[in-house]
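Heads up: the structure comes next, in structure tokens.
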């Protein structure tokens, strides 16, 4: 799956979270989260669902970050 890594990082920062908090919420290490954000390791579907929930992403935001137009 291709997605906009910088947009995801920007959204995390915009919401006022740090990567360590997001990693804890996803049940993964900060190093693993960083790899997933960089695209070197894919997100698992349950992680994506949790990420959408934690960041309170709206439909348009999900489409903009996770789907190529």
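If you scan segment 30-48, which residues turn out to be assigned to a helix (DSSP H, G or I) and loosely packed, with under 12 Cβ neighbours inside 10 Å?
Hits for segment 30-48 are 31, 38, 45, 46.
Looking only at segment 11-29, which residues are surrounded by 15 or more Cβ atoms within 10 Å (Cβ to Cβ) and at pLDDT below 95?
Across segment 11-29, the qualifying residues are 11, 12, 19.
Please count how many residues of segment 12-21 are within 20 Å of residue 64 (Cα to Cα), part of a helix (DSSP H, G or I) and in contact (Cβ under 8 Å) with a residue 12 or more places away in the chain.
1
Of the residues 9, 24, which is under 11 Å from the mean Cα position of the chain (by Cα) and outside any loop (DSSP other than H, G, I, E, B)?
Working: 24 fails: under 11 Å from the mean Cα position of the chain (by Cα).
Answer to the check: 9.
The values are calculated or read from the model by the stated rules, or taken from the named source; none is laboratory data. Source: prediction; values computed, not measured. Cβ sites come from the backbone with ideal geometry, for glycine too, and all protein chains shown count toward neighbours.
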